[in-house]
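The values are calculated or read from the model by the stated rules, or taken from the named source; none is laboratory data. All values reported here derive from a predicted model rather than from experimental measurement. Glycine also receives a Cβ, built like all others from the backbone with ideal geometry; neighbour counts cover every protein chain displayed. Just the protein is used for accessible areas: all its heavy atoms, side chains included, with ligands, DNA and RNA removed. Shrake-Rupley method; radii C 1.70, N 1.55, O 1.52, S 1.80 Å.
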Amino acid sequence: MDTYDLRFLRTGASLTKPVFAAAMGMPLRTYEDVEDGKVQYREIHINAAQWALVKLCATGAIPNGLPVDVESIIERAYKVIKRDHP
């Protein structure tokens, strides 16, 4: 994933930068710098973005649900957890 994917996750959920940054636990300016490519993103940014989407979806802040790629990641993780911890 790259910064385009970070933007894709945010816009796919119809979220503003301030809402998404807050859900990720990042200052808005830092988020903007990462999304705009001014600061090199790290895998932690994508992980934080995905879990922020889960949190926002659970609270009803994403009326159309999770973007498909995030939903599939959660489904795969659930299957691994279920398999390893019956």
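Note that segment 75-80 has calculated 3J(HN,Hα) couplings of 4, 5, 4, 4, 5, 5 Hz, one per residue in order, obtained from phi through the Karplus relation 6.51 cos²θ - 1.76 cosθ + 1.60 (θ = phi - 60°); glycine and proline are x. In this structure the chain gives 65 Å² per residue of accessible area when probed at 1.4 Å with all protein chains present. Of the accessible area of the chain, with the probe set at 1.4 angstrom, what percent is carbon plus sulfur? Carbon and sulfur: 58 percent of the exposed surface of the chain.
Spread over its residues, the convex hull of the C-alpha atoms of segment 40-85 is 91 Å³ per residue. Its DSSP H runs of at least 4 residues, each contributing -39,500 (n - 2.57), put the calculated 222 nm mean residue ellipticity of the chain at -21000 deg cm²/dmol, to the nearest 500. The count of lysine pairs in the chain with alpha-carbon distances below 24 Å, taking only pairs 8 or more places apart or on different chains, stands at 4. The dipole here belongs to the chain: it is taken about the Cα centre, uses +1 on the Cβ of Lys and Arg and -1 on the Cβ of Asp and Glu, and is about 240 debye. Translational diffusion of the chain was estimated from the Stokes-Einstein equation, with Rh taken as the Kirkwood radius over Cα pairs; at 4 °C and 1.567 mPa s the coefficient is 97 µm²/s.
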